[in-house]
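What follows is a short report on a single structure.
Every number in this text was worked out from the coordinates using simple rules, so none of it is lab data. The structure displayed is predicted, hence computed values, not measured ones. Cβ: placed from backbone, ideal geometry, glycine included. Neighbour counts: every protein chain shown.
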Amino acid sequence: MDNYPYPVMRFASLDTEKLIGYRLGDPVSTEAVLSLSRENFDIIHTHCPFSSMFVSRSLRGIISRPLVFTYHTKFDVEIDRAVRSSQLRDLGRKAIVDNISCADEVWVVSKGAGENLRGMGFEGEYFVMPNGVDIPLGQADGKDVEQLNEDYHLSSEVPVYLFLGRLRWYKGIRI
């Protein structure tokens, strides 16, 4: 099924696509926690303050490894979009902040992301850990560009941009 040079461990998810636009992993999947607990992790790292954070917290309780959480999505915006009741929105924000606060270390991808997290009520310490890629700066190899243009029927006269992330307007993709 998977052809990766590392193990991929899948667990059941809940269909929440109509409500929030993506699936949520099953937060009470004891099978996933037990399966993960048999691996030899040095650190547990999650990006989701919902189900994977619950799974990560359960796992940390079993294997006693540090849990790092990275905050990079404006969950307050997501909650505002999905929940009409202001009381439920406030409860949702509080639940997210309480869950994030359980991490041993909290990373944010930018100062702005940290300020957003603070605006939701997070009072703990966080570290700015910018996103990055491990590629050399500069122009791509001309032969590679020609091959891509040919493979995807692209004009070499028109710029091509690559965006990696969930397609949400607040991520600036209209720019």
- Tilt, helix 86-101 to longest principal axis of the chain (alpha-carbon atoms), in degrees rounded to tens, equals 90
- When the charge dipole of the chain is computed with +1 on Lys and Arg Cβ and -1 on Asp and Glu Cβ about the Cα centre, the Cα farthest towards its positive end, among M129, F69, N149, belongs to F69
- Task: Enumerate the lysines that K74 could reach by cross-link, defined here as Cα to Cα under 26 Å, with residues fewer than 8 away along the same chain left out.
- Result: K18, K94, K111, K171
- Item | Label selected from (i) 1.02; (ii) 0.95; (iii) 1.00, the criterion being Rg/Rh (Cα atoms, Kirkwood Rh) as computed here | (i)
- Note on the structure: For the chain, the longest principal axis of the Cα atoms and the Cα long axis of helix 51-63 enclose an angle in degrees, to the nearest 10, of 70
- segment 86-175, convex hull of Cα, quarter of hull surface, nm² -> 9.2
- Quickly work out the S86-to-L164 label distance, labels modelled 7 Å from Cα along the C-beta direction, and quote it in nm with one decimal. 4.1
- Item | E157/T30 FRET efficiency (R0 35 Å; Cβ-Cβ; nearest 0.05) | 0.05
- Item | Dipole magnitude (debye, nearest 20) for the chain, charges at Cβ of Lys, Arg, Asp, Glu | 800
- Ordered by packing density, taken as the mean number of other Cβ atoms within 10 Å over each peptide's residues, highest first, how do 93-101, 123-131 rank? 93-101, 123-131
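Tally Lys/Arg at +1 and Asp/Glu at -1 over every other residue whose Cβ is under 12 Å from the Cβ of V108; what's the total?
On the way: positive: K74, K111, R118; negative: E105, E115, E125.
That works out to 0.
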